[in-house]
Amino acid sequence: MCPADLLALPSNADLRRLINFSASDGRIWLAGHRMLLMHAEALGAMRREMIECMGREQTRRVFMRVGHASGKRDAALARQVRPDASVFDLFAVGPQLHMLEGAVKVSVEKFDIDIEKRHHHAIFRWDYSWEVDTHLRDFGPQTEPVCWMLVGYASGYVSSFMGFPILYRETQCGGCGHDHCRIEGRPAADWPDGEERLRDYDADSLIDKIADLRAEVETLRSTLAPRDELGELVGRSRAFSRAADLMRKAATTQVTVLLTGETGVGKERFARALHAMSPRADQPFVAINCAALPADLIESELFGAEKGAFTGADCVRAGRFERADGGTLFLDELGELPLPAQAKLLRALQTGEIERLGGTQPRHVDVRVIAATNVDLDAAVAGGAFRRDLLYRLNVFPIRIPPLRERQDDIAPLADHLLHRFAKRHQHRIAGITDRALDAMRRHDWPGNVREMENLIERAVIVVGQDDMLDVEDIFPALPGGEHVSIDADGSLERCVPLAIGALYDDVRCKGLSLDELEDALIREAVRRCDGNLSAAARELGMTRPQLSYRLGRARDRSRQ
Ligand SMILES: [Zn+2]
């Protein structure tokens, strides 16, 4: 056993700094995770109701799993906060956070861990367990331990910390009349009933059974319903659903669809999804970007060319129309199509026939056209750059793809989807996205839409450490920090230094102050607050007395001008 002094927990100042009370907007953060300060008594009341309606066993499992999830989250923080610490100090993050979170007082009695050798044996003493308090009050002394959420936390934290299942259990509990609780942790395999106890954390509770049944019903329903392949499209916002509904309606028909929307909204993905939902799903989907090809090549690309049709055409080539025969042709950035090609496209749409460059024989093609544009085609028609008859022909079924800033409710599922896609692509394990980062994403304007989000998340996935969470700084490296209030060692709120730059900026701008006038005003305020004592005012402003005198002189000169 380790000597007692080795078992003293390190300072928790680094952990306290992770807690921020953002009182002005009603949120509390623990390193980017939203926390709640709630009455233990209220949680106790919920526990009592659950025991009464679903029984003690089910309730115990639910509480253990909630604790487990919380412990796992805190384990992800440990390496982030104390990357270079000893194993004991690194491990101590869990017990120390558990204390800061108000769950229980933890003292270490035995600590014998070797991560490499997968060895774990530890014993902790628990005092002031919130679960003992509430359980004793509601039900009186028990014969079985009652610290379900706490034990779940310990098992979740340590399993995640060690990288394989560790089970903690109470060898004595305050809820059974003991003076305090004691827990002991070993690898699940080392407990005689380990396998069975691990099942406490399995998703087999009543609630999960209901969820499973619901999922089964959904699956059965979806096999009966027609195919709905949104594929890579993710969204649940009203704006997105409206576009998706229109797509579903268009998919079953042969109608020509015109997708409009800003750059980066994902028009090609929408076109692919429309194709996948259509009866042509098993036929080719051919895409062409009209802006990416030089004007003199676009016609041969679209309609093909006979040998010798133009310089460099040394063999017969089928165009995209022919390659898309039976399927769908996607014309991106249609507004960039030169006028001669527009005339040929119009004819192809009207007659279903195309002619290769240098050819004389019309060929019949069965192609469904989906076009997309981010320019105002009406304006292009007015300016003479786009044929009015072609616009009428294409604009039969317009679908506007909404910009990301109109899709607030899609930010979280979309970010999550992209995180998984890029984590897989770069073979990088990422624990998730912090609530704070999601919040910043919801406030962002997204001028580059989904493509911008793809770029930011892919970059963040690459730079963030293995098993870390993506935080605000990873996604928006240039974003300045917000209001910051933390707690000191006594547990009181430290004097806050609000970096409310935005509010200050608005104030300065609306009063029409120049930077010089702002500086003058700050200096005068400091002097006033220090009752004219220039040395004290200089200290307040973090400058020397001569520096302050010089600036005061400048301020006086300016006010005389
Ligand atoms: Zn206990």
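The values are calculated or read from the model by the stated rules, or taken from the named source; none is laboratory data. This is a predicted model, so every value here is computed, not measured. With ideal geometry, Cβ positions are generated from the backbone for all residues, glycine too; neighbour counts draw on all protein chains shown. Only protein heavy atoms, including side chains, enter the accessible area calculation; ligands, DNA and RNA are left aside. Shrake-Rupley method; radii C 1.70, N 1.55, O 1.52, S 1.80 Å.
Find how much the distance from Ala13 to Arg34 grows on full extension, using 0.36 nm per residue of separation minus their present alpha carbon separation; answer in nm with one decimal.
The span from Ala13 to Arg34 would gain 5.6 nm if fully extended.
What dipole magnitude, in Debye to the nearest 20, does segment 45-156 give about its Cα centre under +1 on Lys/Arg Cβ and -1 on Asp/Glu Cβ?
Taking the Cα centre of segment 45-156 as origin, the dipole is about 240 debye.
What residue among Ile115, Leu552, Ser22 has its Cα farthest toward the positive end of the dipole of the chain, where the charges are +1 on Lys, Arg and -1 on Asp, Glu, each on the Cβ?
Positive-most Cα among the choices belongs to Leu552.
Per residue, how much accessible area does the chain have with a 1.4 Å probe, in Å²?
54
Pairing the Cα long axis of helix 148-162 with the longest principal axis of the chain, what angle in degrees results, from 0 to 90 and rounded to the nearest 10?
With rounding to tens, the tilt is 70 degrees.
Which whole-angstrom value gives the distance between the alpha carbon centres of segment 389-461 and segment 97-140?
Cα centres, segment 389-461 to segment 97-140: 42 Å.
Order Glu336, Glu268, most accessible first, counting only protein heavy atoms with a 1.4 angstrom probe.
Glu336, Glu268
Using a Förster distance of 25 angstrom, determine the FRET efficiency expected from the C-beta separation of His180 and Arg137, and round it to 0.05.
E between His180 and Arg137, to the nearest 0.05, is 0.90.
Using a Förster distance of 30 angstrom, determine the FRET efficiency expected from the C-beta separation of Gln350 and Arg248, and round it to 0.05.
Efficiency, rounded to the nearest 0.05: 0.65.
Run the dipole for the chain about the Cα centre, Lys and Arg Cβ at +1, Asp and Glu Cβ at -1, nothing else charged, and hand back the magnitude in debye, nearest 20.
Using Cβ point charges on Lys, Arg, Asp and Glu, the chain gives about 1280 debye.
With a bin width of 5 angstrom, please list the P(r) values of segment 333-399 as percents of all Cα-Cα pairs, from the 0 bin to the one holding the largest distance.
Per 5 Å bin, starting at 0, the Cα pair percentages come out as 3, 16, 27, 24, 16, 9, 4, 0.
What value, in deg cm²/dmol to 500, does the helix sum -39500 (n - 2.57) over DSSP H runs of n ≥ 4 give at 222 nm once divided by the residues of the chain?
-14500 deg cm²/dmol
Taking the dipole about the Cα centre of the chain, with the C-beta of Lys and Arg at +1 and of Asp and Glu at -1, give me whichever of Leu100, Phe476, Ile399 is farthest to the positive side.
Most positive-ward Cα: Ile399.
Give me the tail of P(r) for the chain as a percent: Cα-Cα pairs with distance above 32 Å.
Considering the chain, 64 percent of its Cα-Cα pairs are separated by more than 32 Å.
Compute, for segment 512-561, the length of the dipole vector about the Cα centre, with Cβ point charges of +1 (Lys, Arg) and -1 (Asp, Glu) only. Units Debye, rounded to 20.
Its charge dipole is roughly 180 debye.
What percentages make up the Cα-Cα pair-distance distribution of segment 85-148 when the bins are 5 Å wide from 0?
4, 14, 21, 21, 16, 12, 7, 4, 1
Answer with one residue from Leu419, Pro338, Ala380: the one whose Cα lies farthest towards the positive end of the charge dipole of segment 309-466, charges on Cβ with Lys, Arg +1 and Asp, Glu -1.
The residue sitting farthest along the positive end of the dipole is Leu419.
Please report, as a whole percent, how much of the solvent-accessible surface of the chain comes from carbon and sulfur atoms (probe radius 1.4 Å).
52
Using label points projected 7 Å from each Cα along Cα→Cβ, tell me how many nm separate Lys117 and His417, to one decimal.
Between Lys117 and His417, the label points sit 4.9 nm apart.
Show me the ranking of peptides 444-455, 63-74, 114-125, 403-414 by mean Cβ neighbours inside 10 Å, starting with the highest.
Ranking, from highest mean packing down: 63-74, 403-414, 444-455, 114-125.
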